[in-house]
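Reading through the structure tokens given below for one structure.
Rule-based calculations on the coordinates, nothing more; no lab input. Nothing here was measured: the structure is a model prediction, and the numbers come from that model. All Cβ positions, even for glycine, are placed from backbone atoms using ideal geometry, and neighbour counts span all protein chains on display.
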Amino acid sequence: MDIKTKELVNKGIMLPLMEEFYTIQGEGAHTGTSAYFIRVGGCDVGCHWCDVKESWDAKLHPPTLSDEIVNNAKQYAKTIVITGGEPLMWNMQYLTASLQKEGLQTHIETSGAYELSGQWNWICLSPKKTKLPLDQIYHEAHELKMIIHNKNDFEFAEQEAAKVSDHCGLYLQPEWSKKEMITPMIVEYVMKNPKWKISLQTHKYLNIP
């Protein structure tokens, strides 16, 4: 990457775009909503069950002008979901301000492991044990989505739920590869602890990209 391109990436005027696509939001509070997804490359959180590990190496994904991304997004949906990878590894201010100028709703899916940047209508925080969120984002999160891979993750979920604000929705989601074993555990847990809701990866059940 040449110096000029690196400067533009640092400012968020360009971003390492992995993919962008129009689909149905499959998880969490906005399940069933049509949304345009912008997947940004780069992640060092390292979840062993990540289903987009090809996003981890930002160098594999060419720097793309944020203006081009906005022009593509505005043709499809009012809800724009920025995900990764870990999108907060990059400066999100330019992209989100540009999207909002077009009247679009900006959502982010993040581990919270990096400083919060950008203008957001909805923040989905999904903490990971390997690299915990920074303190700032807990108060800003609208949705806490905890991935349950084993029974010990319920304790981790409660620890993280204690850090968010009262307006933050709480969701437990089974890790896909263990869904048959984990889902009944989540059902039982939510019935005993009704502050939580269940999130399922409905797009996978429906074979939606």
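The table below gives the values:
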item: Per-residue HN-Hα couplings for the range 142-147 [Karplus 6.51, -1.76, 1.60; θ = phi - 60°; Hz; x = Gly/Pro]; result: 8, 8, 10, 10, 9, 8
item: Expected 222 nm ellipticity per residue - DSSP helices of 4 or more, -39500 (n - 2.57), all of the chain, to 500; result: -8000 deg cm²/dmol
item: Relative counts (whole %) of C-alpha pair distances in the range 63-127, using bins that are 10 Å wide; result: 23, 58, 19, 0
item: Sequence-distant residues sharing a close amide H with GLN119 (under 5 Å, placed H); result: THR96, ALA97
item: Whole-number D in µm²/s for the range 50-209 (Stokes-Einstein; Kirkwood sum over Cα pairs; 37 °C, 0.692 mPa s); result: 194 µm²/s
item: Restraint check, LYS145/LYS195; LYS179/LYS204; LYS78/LYS101; LYS11/LYS59; LYS151/LYS204, Cα-Cα greater than 19 Å; result: LYS151/LYS204
item: Net charge dipole size for the chain [Lys, Arg +1 and Asp, Glu -1 on Cβ; Debye, nearest 20]; result: 200 debye
item: Those aspartates and glutamates that a straight Cα-Cα span of less than 17 Å connects to LYS6, excepting residues fewer than 8 apart in one chain; result: ASP57, ASP67
item: Amide H contacts of VAL40 (H built 1.01 Å from N, under 5 Å, at least 5 apart or other chain); result: MET18, THR83, GLY84
item: Sites LYS178 and ASP57, calculated FRET efficiency, Cβ-Cβ separation with R0 25 Å, nearest 0.05; result: 0.45
item: Loop sites in the range 150-209: trypsin sites (Lys or Arg not before Pro), DSSP, at most 15 other Cβ within 10 Å; result: LYS151, LYS195
item: Per-peptide average of other Cβ atoms within 10 Å, ordering 142-148, 164-170 highest first; result: 142-148, 164-170
item: Alpha-carbon spread of the range 1-62, three principal axes, descending order, Å; result: 42, 27, 16
item: Rounded Å value of the spacing that divides the Cα centres of the range 176-203 and the range 132-164; result: 15 Å
item: Lone cysteines, the chain (no partner Cβ under 4.7 Å); result: CYS43, CYS124, CYS168
